[in-house]
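Let me begin by presenting the structure, written as structure tokens, before commenting on it.
The values are calculated or read from the model by the stated rules, or taken from the named source; none is laboratory data. All values derive from a computational prediction rather than experimental measurement. Cβ coordinates were reconstructed from backbone atoms using ideal geometry, including for glycine residues, and neighbour counts include every protein chain displayed. With ligands, DNA and RNA removed, areas are computed over all heavy atoms of the protein, side chains included. Shrake-Rupley method; radii C 1.70, N 1.55, O 1.52, S 1.80 Å.
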Amino acid sequence: MCGYHSGSGANFCAACGHRLATGGEGDAVRSADEPTTEMALEAELIRQPAVLVVTQGAAAGSRFELSEARVTLGRHPDSDIFLDDITVSRNHAEIYRDGLVPHVKDMGSLNGTYLNSRRVEEAGLKDGDELQIGRFKLVFHDRTGW
């Protein structure tokens, strides 16, 4: 989008953070930057049950579908969810599934990972939980089980 050439295998532009086209429907994460109506969002959540919605930070309004068993979040350009801010560690956190229960795990970040305003090393997630990673706040939606 900005003209910067990121390395092969990168999911996001290292310069502007825009999602790079990978050409596959089976991507671990997809960003939908276009605003949607509440009804369309509800239908999307039913079709793709686990979603992170950025509510605060530079990417506010972005939605990330979680369709893989493990999704990484951080400032590293190869992170599944690229959060471009100095308050975010390069490999900040990951969301993974333990059986049927989704979890968030801090990966040794400098500023910590917060779940519902409490710092956590690792914790289970439920629908409506708020994650804070650096200056970003993200709400976890899990309508039908992951």
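Quote the accessible area belonging to residue 78 in square angstrom, nearest 10, computed with a 1.4 Å probe and with ligands, DNA and RNA left uncounted.
80
Let a ≥ b ≥ c be the square roots of the eigenvalues of the Cα gyration tensor of the stretch 76-146; is it rounded (a/c under 1.5), or, if not, prolate (a/b larger than b/c) or oblate? It would help to have the intermediate numbers written out before the result.
Numbers: a/c = 1.74, a/b = 1.57, b/c = 1.11.
Prolate, because a/c is 1.5 or more and a/b exceeds b/c.
Amide H of residue 55: which non-local residues (sequence gap of 5 or more, or other chain) have their own amide H closer than 5 Å, using H built in the peptide plane?
61, 137, 138, 139
Given 0.36 nm per residue, what is the gain on full extension from residue 121 to residue 100 after removing their alpha carbon distance, in nm?
Working: separation 21, 0.36 × 21 = 7.56 nm, distance 1.96 nm.
Using 0.36 nm per residue and subtracting the Cα-Cα distance, I get 5.6 nm.
Please give the residues of the stretch 100-123, grouped as numeric ranges, whose backbone N is less than 15 Å from a label point set 7 Å along the Cα-to-Cβ vector of residue 69.
100-103, by backbone N distance to the label point.
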